[in-house]
Amino acid sequence: MSMIRDAGLAPSGENKIEWVRRNCPLLRSLESDFLAAKPFAGKRIALSIHLEAKTAYLCKVLAAGGAEMFVTGSNPLSTQDDVAAALVKAGLNVCAWYGATAEEYDAHITETLSHHANIIIDDGGDLVHMLHTKLQSELPYVIGGCEETTTGITRLNAMDREGKLRFPMVKVNNADCKHLFDNRYGTGQSVWDGINRTTNLIVAGKTVVVAGYGWCGKGVAMRAKGLGAKIIVTEIDPIKAIEAIMDGFDVMPMREAAKLGDFFVTVTGCSGVISEADLMEMKEGAILCNAGHFDVEIDMKRLREIATESYELRKNIMTYTLPNGRHVYVLAEGRLVNLACGDGHPAEIMDMSFAIQALSAKYLVENEGKLTEKLIDVPREVDLEVANRKLSSLGVRIDTLTGEQEKYLHDSFL
């Protein structure tokens with residue numbers, strides 16, 4: 001049973017999905033293959049990814065492969081109601097709407113998982129968490145699942161270490177054709193899309209503080225540099241800190257960076273990255289946002305407690321007056337700025353990531369009952385298939401090894 005805001009919004013959502021379809025050649029080619037082969041015939045797929053047009057097209061591709069789809073969002077502020085309506089009109093089961101309360105969000109996940117799903121496609125780990133806590137009765141039906149993002153894999157790693165993970169999960173985020181492009185170029189562009197369209201302020205000449213220098217942080221810093229900003233990176237990993245220095249950026253603790261930043265972007269996957277003490281060091285008018293999966297990187301709870309006044313000055317910009325009289329601005333309530341304030345990653349980037357998702361789900365079905373490990377890397381052949389499809393879509397050819405070269409590389413020389 002679907003639970004959406006307004007079925008009458010479907011035409012707008014259909015147009016958005018069609019635009020994505022026209023700009024996703026990999027998913028189009030998989031849709032054609034799946035229509036012929038029906039790899040998911042008789043299977044039920046429960047999916048929780050940010051519910052906008054690119055996710056919707058992935059859902060339609062999986063449905064073309066014969067899957068019965070049960071779809072929800074992975075963040076209350078990233079669901080687009082017209083896209084949800086379009087999927088329902090297309091015959092898919094959807095439980096999601098924009099601005100869901102914590103209780104509504106929980107109900108949407110519960111309903112999505114209450115139909116004996118065989119494959120789980122997760123973004124952040126909420127589906128997996130629910131299955132292992134409140135809906136354990138659904139576990140026997142699950143063949144396995146796929147996890148989209150770094151935060152979700154962190155949660156899976158913890159479950160696996162504790163021996164609590166009950167079914168195989170493919171670490172989609174760790175595939176080369178996912179994190180090297182989605183996390184770096186996708187996050188880099190979409191974060192600044194969200195910031196720029198929300199604030200309408202110049203970035204050139206400003207100081208941007210990027211918390212975390214993983215692939216996502218690298219992308220955010222690279223794009224900020226391209227926009228003319230001065231970059232400060234904060235890190236806990238000494239190796240990543242050296243990388244940032246050699247990429248030309250300043251590195252310092254957040255407490256020191258707090259005094260200098262005009263824009264702050266957290267992208268660590270950890271909690272309390274910007275604390276009360278950091279907030280009290282910030283200069284008048286500092287703008288804060290988060291590009292990590294959960295809204296815990298900026299200590300929003302404490303900010304709300306200490307603020308002497310708070311109000312929305314512009315859509316998706318909350319003003320907080322600190323006890324020292326200064327104002328700080330928080331975008332999208334500290335939630336994922338690229339999706340809560342924008343449309344997320346570019347279609348061509350998600351084309352690669354979602355091709356990995358679709359082929360990983362197919363791999364799970366093809367290997368039902370054969371997988372012994374609980375955490376599984378994306379098979380190399382899947383990564384290479386996506387890479388080759390991408391090159392083909394770009395009209396690019398590359399060299400191949402000759403027989404002699406193959407022999408040279410594989411000889412032991414002993």
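Computed values, structure above
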| quantity | calculated |
| --- | --- |
| Gaussian network model of the chain, Cα within-10 Å springs - most flexible of I232, I17, I398 | I398 |
| Kirkwood Rh, Cα atoms: Rg over Rh of the chain | 0.99 |
| Count of Lys pairs (Cα-Cα under 16 Å; at least 8 positions apart or interchain) in the stretch 1-109 | 6 |
| Sorted largest first, extent of the stretch 265-414 alpha carbons per principal axis (Å) | 72, 39, 38 |
| Estimated Rh, the stretch 100-214: Kirkwood, alpha-carbon pairs, angstrom | 16.5 Å |
| Rg ratio (alpha-carbon, reference 2.2 N^0.38 Å) - the stretch 239-306 | 1.14 |
| Estimated dipole of the stretch 278-380 in Debye, rounded to 20 [Cβ of Lys and Arg +1, of Asp and Glu -1, Cα centre] | 80 debye |
| Global geometry of the stretch 218-351, whether rounded, prolate or oblate, following the gyration tensor of its Cα atoms and the 1.5 cut on a/c | oblate |
| Segments 240-250, 255-265 sorted - mean Cβ within 10 Å per residue, highest first | 255-265, 240-250 |
| Translational diffusion of the stretch 1-122, µm² s⁻¹ [Kirkwood Rh, Cα pairs; Stokes-Einstein; 25 °C; 0.890 mPa s] | 174 µm²/s |
| Choice from E68, E373, E31 showing the highest fluctuation, given a GNM over the chain with Cα pairs closer than 10 Å | E373 |
| For the stretch 371-387 versus the stretch 162-211, the gap between their alpha-carbon centres in whole angstrom | 22 Å |
| Environment charge at A96 (Cβ cut-off 11 Å; Lys +1, Arg +1, Asp -1, Glu -1) | -3 |
| Dipole of the stretch 230-327, positive direction: furthest Cα of I306, F264, I239, with charges on the beta-carbon | I306 |
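A short reminder: the numbers here are calculations on the coordinates, not readings from a lab. These figures come from a predicted structure and were not determined experimentally. Here Cβ is always computed from backbone atoms with ideal geometry, including for glycine, and neighbour counts include all displayed protein chains.
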